Amino acid sequence: MPHVAHPAFLVLGAYATYLLTTYGIDPLLAGLLLMPVFFVFGLGVYQFYYSTFEGRGSDQGLRGIAFFFGIAFIVQVGLILAFGVDQRLVDADYIGTSVEFGDMRIPQRMLVAFGVALALTSALALYLSRTFTGRAIKAVAQDEGALRLMGANPVRIKRWAFGIATATCAIAGALLIIIGPVEPGLDRLYIGRTFCVVVLAGLGSMSGTLAAGLILGVAESVVLTTAGTAWAPAVAFGILLIVLGVRPAGLFGR
Amino acid sequence: MKFRHLLAAVLAAFSFAAVAQQPVKIGMSMPQTGPLGGGGKAALLALNMWVEDVNAKGGLLGRKVQFIAYDDQTNPGVVPGIYSKLLDIDKVDLLIAPYGTNVTAPIMPMVKQRDLLLMGNFSFDANAQIKHDKWFNNAPWGAGALAWGGTFLQAGRALGGKSIAIMAADAEFAQNLCSGGRVIAKAMGLQTVYDQNYPPNSVDFSSIIRAVRAAKPDIVFICSYPAESAAIVRAVAELGVGPTVKIIGGGMVGLQFAPIMEALGPLLNGFVNYNSYVPEKTMDNPAVREFLKRYEVRAKQEKVDPLGFYLPPFNYAIGQMLEQAVGATKSLDHKVLADYIRKNEMKTMVGNIRYDTVGEWAKPNLVMAQFRGIKGKDLDQFRQQGKQVIIGPAAMKTGEIIPFDKARN
């Protein structure tokens, strides 16, 4: 499923978090509170996609991508109409402060984001490997027909997976706005990198996604300081091209 | 024969009437989304207010003004296409440049090639290489980096600064500005202890701020765009830049935008940054004050920058300049208009402006202001005097610079 609206949902999560913080709710708590709402929203979006495209067999090629581009565009315009185009930031006790390790200071917001991201990735990896539904989600990505033979409904499983993916956007959006300012068009910046991380990791590999994200981040920083800033944006797709050439299934794909 | 003459006269009268009824089209692209969208939307509101005002007075040359503005998403790549459409499909009569250097630079070769009048909109040195004779930039910094970086670096020098760290976004505006800063720093004998570019739209500056801190500079000159500026201010608060730093800031776009100022609040204290207008007594201007009263009402309705200090008065002034030039020359011919603007003083809300040979303000009026005494996140405090104290140039000064660490407390 070419879900190119995922970064737009991420930005939507950030703005929803911003909205809740205006009522005095901590951004991290806001992200957690928004997860069930986003889960239901994800179920709805998938159902709409299934009814209009997938169920009719018209999701092949560019049409499926066009659907999600349309959704991303609607989300972006909706955010502009609701919040304007200005950058939005949030406040919390762990924003604007740092933790000291000797001479080294690390911003608390980065530690919080890293910790939550690690916990979320671990939880998802456990869910996908230890539960029946989790394994069914992995299976539906590999072979829908085989899954149907095992007595599971692929459409239901995909809807559930889409709901979970959208729910993660709520907490990830909260982390995004904790780290830095957001604006409605921010998803455009993330879509290339998101695509790169997922393919680099190998489709379906949770731990691979974490590793690919780290590899990309470190590689960009190294290139930034050694080869210069002009080359930094080329790192993601440069690594992607090399990996696809050497190992088409991705670094951790099967 | 008489019938033919009569017919020709009638047709001529009809065609004249048809032209008279056609609107004067003014076109531009404007960042309405993306990193500069916040500033762009506020600027666009001011231009729309000018269009409404001029149409209420009967328009230009007795014709209504039609304003066409497309969103360029702060993406320099799409701007030439938008201006081609404005010229070849929309057939606009006059052009205004988009807000910002990065999005203006790509259209400079086109306007030079087609020999068009282009009213610049807060660009920095966009015409330095092209040298187009029909470019008139409405921005208070003038040509070259001296009027900009000079005031900042002189303030640093006055505090005893001997070394400098430079950090800049890898984009047209920031690079133009920091290149000028390097030249001035060298001429002033400042020792460069750190000089690093970063990719535009970076969100985390921890490693850069740590590196600046380790370099122990006296002066930190920053050339950044809105989201980066906010992230840098936060990173400085979290990590500190070290006790040696006496002055920090200079060219940080975004610290003039109300939502960012409101969100950062006290974290801004001590930063010294450029500005086009701050509510200090040396900048008090009844026309701007009156305009801002009207603007604030509209800004609230349209959910754009509620303060509107930075761009809106200057964008309204672009309209005033076109109004003056077209009214005086009774022409929409670009050569005639450019000649007029070049030779005459343009009377605008932001002051009377004369242009130099490269189409920049002949007498720059850029101020460096230091954030002081910001408490909490109340936006109204930024409307008060003393919150952005002008530390230079001398003619505009409303206070002496205070070293960064003292202004933080």
Task: Test: A:Arg188 is in contact with a Leu (Cβ under 6 Å, 6 or more places away or on another chain) and either in the same structural domain as A:Val11 (by TED's automatic domain parsing) or in a helix (DSSP H, G or I) (or both) - done: no
Task: Qualifying position, being within 14 Å of chain A (Cβ to nearest Cβ), crowded, with 24+ Cβ neighbours inside 10 Å and either under 20 Å from B:Trp148 (Cα atoms) or in contact (Cβ under 8 Å) with a residue 12 or more places away in the chain (or both), among B:Glu238, B:Glu228 - done: B:Glu228
- [ ] Could you check region A:55-147 for helices (runs of 4 or more DSSP H) lying wholly inside it with 3 or more residues that are assigned by TED's automatic domain parsing to the domain that holds A:Thr21 and loosely packed, with under 12 Cβ neighbours inside 10 Å?
- [x] A:62-83, A:108-130
TODO: Give just the number: which of (1) surrounded by fewer than 19 Cβ atoms within 10 Å (Cβ to Cβ); (2) farther than 20 Å from A:Phe114 by Cα; (3) within 14 Å of chain B (Cβ to nearest Cβ) does A:Thr229 not satisfy?
DONE: (1)
Task: Of the criteria (1) within 14 Å of chain A (Cβ to nearest Cβ); (2) out of contact with any Leu (no Cβ under 7 Å at 6 or more places or on another chain); (3) of a type outside the set (D, E, K, R), which one B:Thr244 fails - done: (1)
Open item on the list: So B:Val297 passes all but one of these: (1) more than 12 Å from chain A (Cβ to nearest Cβ); (2) under 20 Å from the mean Cα position of the chain (by Cα). Which condition number does it fail?
Closed with: (2)
Open item on the list: What's the number of the only condition in (1) farther than 18 Å from B:Met119 by Cβ; (2) in contact with a Gly (Cβ under 6 Å, 6 or more places away or on another chain); (3) buried (at least 18 other Cβ atoms within 10 Å of the Cβ) that B:Lys303 fails to meet?
Closed with: (3)
- [ ] Please indicate, with yes or no, whether at least one residue in region B:37-46 is more than 18 Å from A:Leu186 (Cα to Cα), touching a strand residue (DSSP E or B) at 6+ places or on another chain (Cβ under 6 Å) and assigned by TED's automatic domain parsing to the domain that holds B:Lys303.
- [x] yes
TODO: Report, by residue number, each residue of region B:117-142 that is of a type in the set (A, V, I, L, M, F, W, C) and either crowded, with 20+ Cβ neighbours inside 10 Å or assigned by TED's automatic domain parsing to the domain that holds B:Ser179 (or both).
DONE: B:Leu117, B:Leu118, B:Met119, B:Phe122, B:Phe124, B:Ala126, B:Trp135, B:Phe136, B:Ala139, B:Trp141
Open item on the list: When you check B:Gly149 against the structure, is it buried (at least 24 other Cβ atoms within 10 Å of the Cβ) and either within 14 Å of chain A (Cβ to nearest Cβ) or of a type in the set (Gly, Ala, Ser) (or both), yes or no?
Closed with: yes
TODO: Would you be able to say whether some residue in region A:210-220 is more than 14 Å from chain B (Cβ to nearest Cβ), touching a helix residue (DSSP H, G or I) at 6+ places or on another chain (Cβ under 6 Å), surrounded by 15 or more Cβ atoms within 10 Å (Cβ to Cβ) and touching a residue at least 12 places away in the same chain (Cβ under 8 Å)?
DONE: yes
TODO: For residues that are closer than 24 Å to B:Arg157 by Cα and touching a strand residue (DSSP E or B) at 6+ places or on another chain (Cβ under 6 Å), tally how many sit in region B:247-273.
DONE: 12
Open item on the list: I'm trying to understand the selection: among the residues of region B:149-188, which are part of a loop (DSSP other than H, G, I, E, B) and either free of Cβ contacts under 8 Å to residues at least 12 places away in the same chain or under 24 Å from B:Asn102 (Cβ atoms) (or both)?
Closed with: B:Asp170, B:Ala171
Task: Filter result for A:Gly202 (out of contact with any strand residue (DSSP E or B) (no Cβ under 6 Å at 6 or more places or on another chain), more than 14 Å from chain B (Cβ to nearest Cβ), in contact (Cβ under 8 Å) with a residue 24 or more places away in the chain and on the phi > 0 side of the Ramachandran plot) - done: yes
- [ ] Could you please find all residues in region B:285-300 being surrounded by fewer than 11 Cβ atoms within 10 Å (Cβ to Cβ) and either among the charged types (D, E, K, R) or in contact (Cβ under 8 Å) with a residue 40 or more places away in the chain (or both)?
- [x] B:Lys293, B:Lys300
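Conditions (1) outside the structural domain of B:Val54 (by TED's automatic domain parsing); (2) among the basic types (Lys, Arg); (3) modelled with pLDDT of 95 or more; (4) outside any helix (DSSP H, G or I), marked per residue:
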| site | (1), (2), (3), (4) |
| --- | --- |
| B:Phe314 | no, no, yes, no |
| B:Met321 | no, no, yes, no |
| B:Gln324 | no, no, yes, no |
| B:Ser331 | no, no, yes, yes |
| B:Lys335 | no, yes, yes, no |
| B:Val358 | yes, no, no, yes |
| B:Asn365 | yes, no, no, yes |
| B:Lys377 | yes, yes, no, yes |
- [ ] For region A:158-168, indicate whether the set of residues that are assigned by TED's automatic domain parsing to the domain that holds A:Phe83, surrounded by 17 or more Cβ atoms within 10 Å (Cβ to Cβ), touching a helix residue (DSSP H, G or I) at 6+ places or on another chain (Cβ under 7 Å) and of a type in the set (Ser, Thr, Tyr) is non-empty.
- [x] yes
Open item on the list: Being touching a residue at least 40 places away in the same chain (Cβ under 8 Å) and within 14 Å of chain B (Cβ to nearest Cβ) is the requirement here; does A:Gly163 meet it?
Closed with: no
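Residues are listed down the side, and each one gets a yes or a no for (1) on the phi < 0 side of the Ramachandran plot; (2) aromatic (Phe, Trp, Tyr); (3) touching a residue at least 60 places away in the same chain (Cβ under 8 Å); (4) part of a helix (DSSP H, G or I):
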| position | (1), (2), (3), (4) |
| --- | --- |
| B:Tyr310 | yes, yes, yes, no |
| B:Ile318 | yes, no, yes, yes |
| B:Ala328 | yes, no, no, yes |
| B:Ala338 | yes, no, yes, yes |
| B:Asp405 | yes, no, yes, yes |
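The values are calculated or read from the model by the stated rules, or taken from the named source; none is laboratory data. On a predicted model such as this, the values are computed, not experimentally measured, just so you know. Don't worry about glycine lacking a Cβ; one is built from the backbone with ideal geometry, like all the others, and counts go over all protein chains shown.
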